[in-house]
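Report on the following structure.
Please treat every number below as a calculation from the coordinates, not as lab data. No experiment lies behind these values; they were computed from the predicted model shown. Backbone-built Cβ (ideal geometry, glycine too); neighbour counts: all protein chains shown.
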Amino acid sequence: MIIDSAIKLADSCGLDAVSLRAVAGNLKAGPMRLYGFFHSKEEILDMMVDAVYAEIILGEGVLDDWREACKHFSARLREASVQHPWFPSLLGGRPHQGPNALKYLENSLAAMQRSGDFRSIDDVLLAVRTVNAYVLGFIQSEAAERRQESATGLTKEEWRDRTHPYLLKRLATGQFPTIERVVNDARHEVIDGGFEAGLSAVLMGIEQSFTHSAAADVKRK
């Protein structure tokens, strides 16, 4: 009940609104009662993160193909970051060790280990870390974009239209020819397509670098 109340508060008002006093107020209890369960706000935040991981792994089945498993885990993590905008800011750094966070990590590692495609557990760990680094970077970028949209009242497209004349002036100096080529010639994928395409590229790189199948392909050549 305490953590559910803290999550609802963070969802509606942001992490800065979460405090022992504020959560106690929502529960119509005195702050001192919460100090019997928590010593600091950080303890509440850790449990909030683990509660979101519980949502992510809820009803999770076993996927035989490690690539599909990575796509599934990544999509679930991204969905959670949209539902709980504060969640991405608490990821990264030291790994979370709550039971649900550990279960998420266990499922990610096991999907690769179970496949038998990887040469060693070290390669499995590096592959999982590589996927997580890509997904975390992407969802944190998305979260920052949503915060900027909320703060400025401008959508990404509106902001781009407003700043485009300034960008054109900078490009006209000739100092940024590669950026100019990106602006003029690159296909600007929608954000959903960009996530999936990037993840597929990461998974392809992992397969080529760490798996037995990649080694077999090299021998055949």
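Only one residue of ASN107, ILE57, PHE138 has its Cα farthest out toward the positive end of the dipole of the chain, where Lys and Arg carry +1 and Asp and Glu -1 on Cβ, and that residue is PHE138. Applying 0.36 nm per residue to the separation of ARG160 and ARG147 and subtracting their alpha-carbon distance, the gain on full extension is 3.1 nm. Ordering SER115, SER89 from the fewest to the most neighbouring beta carbons within 10 Å gives SER89, SER115. Keeping to pairs on different chains or 8 or more places apart, tell me how many lysine pairs in the chain have Cα atoms under 22 Å apart. Close lysine pairs found across the chain: 5. Taking GLU68, GLU43, GLU196 in turn, the Gaussian network model of the chain (Cα-Cα springs below 10 Å) assigns the largest fluctuation to GLU43. Per-residue Cβ neighbour counts within 10 Å put TRP159, TRP66, TRP86 in the sequence TRP159, TRP86, TRP66, beginning with the fewest. Label-to-label distance, LEU126 versus GLN83, with points set 7 angstrom from Cα along the beta-carbon direction: 3.5 nm.
Here the spin labels are modelled as points 7 Å beyond Cα on the Cα-Cβ line, and at MET204 and ALA186 they lie 1.7 nm apart. For PHE118, the residues 5 or more places off, or on other chains, whose built amide H falls under 5 Å of its own are HIS212. Using 0.36 nm per residue and subtracting the Cα-Cα separation, the extra length available between LYS41 and LEU171 on full extension is 42.1 nm.
Each label was represented as a point 7 Å from its Cα along the Cα-to-Cβ direction; for SER12 and ILE179 these points are 4.2 nm apart. Under the shape rule built on the C-alpha gyration tensor, where the axes satisfy a ≥ b ≥ c, the chain is oblate, since a/c reaches at least 1.5 while a/b does not exceed b/c. Evaluating 6.51 cos²θ - 1.76 cosθ + 1.60 at θ = phi - 60° for every residue in the stretch 124-137, the Karplus couplings come out as 4, 4, 5, 5, 5, 5, 5, 4, 4, 5, 5, 5, 4, x Hz, glycine and proline recorded as x.
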